[in-house]
Amino acid sequence: MSRQENKETWLRTHGLVWLAAFLGLAAAGFALSVARPEVGEAHVALVFLLVVLAASAAGGRTLGMTISVSAFLIFDWFFLPPYNTLVVRNPFDWLVLIVFLVTSVVAAQLLYRARSERAAVERAEALKEADKLKDALLASLSHDLRTPLTAIKALAHEMQPLGDERALIIEEQADRLNRLVTDLLDVGRLNAGALRLDIQLNAVDDLLGAVVQQTSGRSDERRLKVSLDDPSTISFGRFDFVHSLRILGNLIDNAFRYSPAGASIEVTAGVENDSVVFRVKDRGPGVAVSERDRVFTPFYRTPGKSRDGQSTGLGLSIARRLAEAQNGTLTYTERDGGGATFELRLPSASP
């Protein structure tokens, strides 16, 4: 169904609701006018109030307000002496009319608010269920993709000695897809609160050594400069070694991806107060002020393209949530002289 057809259907339905509301008000007014000698002002007010509530429930606040004003005029015209005029002779009748109008308007507003709150709750529940379904689907697909990706990578690796240059490309793309699958699985675990942590006492320089080893396979590994703030002191922290390595790996991958070719990537570590602090610094374009709150959201990519165009927008989101799961933080600051500095703080165990 086209948008125009949807609009016409909505207008037709809306028009029928308004017509039914005014017909109901006219029918109520006619029935009360026939029995006018036997009914009092309280009976008229209650019947008209029911019509206002029904109109508000069916057509919303605007229709409820319109019916309220219309009922107010009918009340005055037909049921308050002198009849068939809008003149009110008795001052107490004004009180009756004003109380009726205020009650009708307030009732319409309260009913509208209740409907709005209920609709908001239903939307929130629907979004929550959709998120659960999405997470379950991503987890299922990610698990199903693991096996064929492993097979493709193994076959490509066996083809390399045969001299087929395409085998290396296939293996690299399989590795990229495998990283994406891992990211999706981590997102599902984080959303489900099922992430397993192994918080232990770890040396800061051991984590930096693992970072260097992880980067050693890159062709441009010499660009990475790793150092301790105080090389003469052995510092310790309480954190999950594997997940912390994953955080720094994501930050370093981003730094390589967005920095100019040949620019150095600096990773420093030290202790500040009750935290061990890791900083990853690059000379890339940095992050605009308007984008700094959004770079840590899932699937968000900054407008400027990376040099290899392979960012999925999950790395920073996962890195921050892994840090927070360990009672740590991950923040961004602008680097002096241009570039970005990402700062990871984790609980310290050093005196």
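The values are calculated or read from the model by the stated rules, or taken from the named source; none is laboratory data. Fair warning: this is a prediction, and the values are worked out from it, not measured in the lab. Note that each Cβ is placed from the backbone with ideal geometry, even for glycine, and that neighbours are counted across all protein chains shown. The protein model used for the area step is the full one, side chains on, heavy atoms only, and it has no ligands, DNA or RNA in it. Shrake-Rupley method; radii C 1.70, N 1.55, O 1.52, S 1.80 Å.
Restricting to the stretch 52-111, and then to whatever is within 19 Å of Ser33 (Cα to Cα) and of a type in the set (Ser, Thr, Tyr), can you tell me which residue is least open to solvent (accessible area, probe 1.4 Å)? Checking each candidate, the answer is Ser68. Taken over the stretch 178-210, the criterion of being farther than 30 Å from Thr268 by Cα and in contact with a Leu (Cβ under 6 Å, 6 or more places away or on another chain) is satisfied by Gly188 alone. Of all the numbered requirements in (1) open to solvent by 80 Å² or more (accessible area, probe 1.4 Å); (2) part of a loop (DSSP other than H, G, I, E, B); (3) under 24 Å from Phe299 (Cα atoms), Ala194 misses one, and that requirement is (1).
Residues being of a type in the set (D, E, K, R), in contact with a helix residue (DSSP H, G or I) (Cβ under 7 Å, 6 or more places away or on another chain), open to solvent by less than 70 Å² (accessible area, probe 1.4 Å) and not in a loop (DSSP other than H, G, I, E, B) are represented in the stretch 32-41 by at least one member. Annotation for the stretch 334-349: at least one member residue is polar (S, T, N, Q) and under 26 Å from the mean Cα position of the chain (by Cα). Residues that are at pLDDT 85 or above, within 17 Å of Gly209 (Cβ to Cβ) and assigned to a loop (DSSP other than H, G, I, E, B) are absent from the stretch 280-300.
All told, Ser244 meets the bar of being in contact with a helix residue (DSSP H, G or I) (Cβ under 7 Å, 6 or more places away or on another chain) and not basic (Lys, Arg). Among the conditions (1) at pLDDT 85 or above; (2) within 25 Å of Asp240 (Cβ to Cβ); (3) assigned to a loop (DSSP other than H, G, I, E, B), Thr312 misses just one, which is (1). The C-beta contact set for the stretch 328-351 (first residue over 14 Å from Val271 (Cα atoms), second residue among the polar types (S, T, N, Q) and crowded, with 20+ Cβ neighbours inside 10 Å, distance under 6 angstrom, 6+ apart or interchain) is empty.
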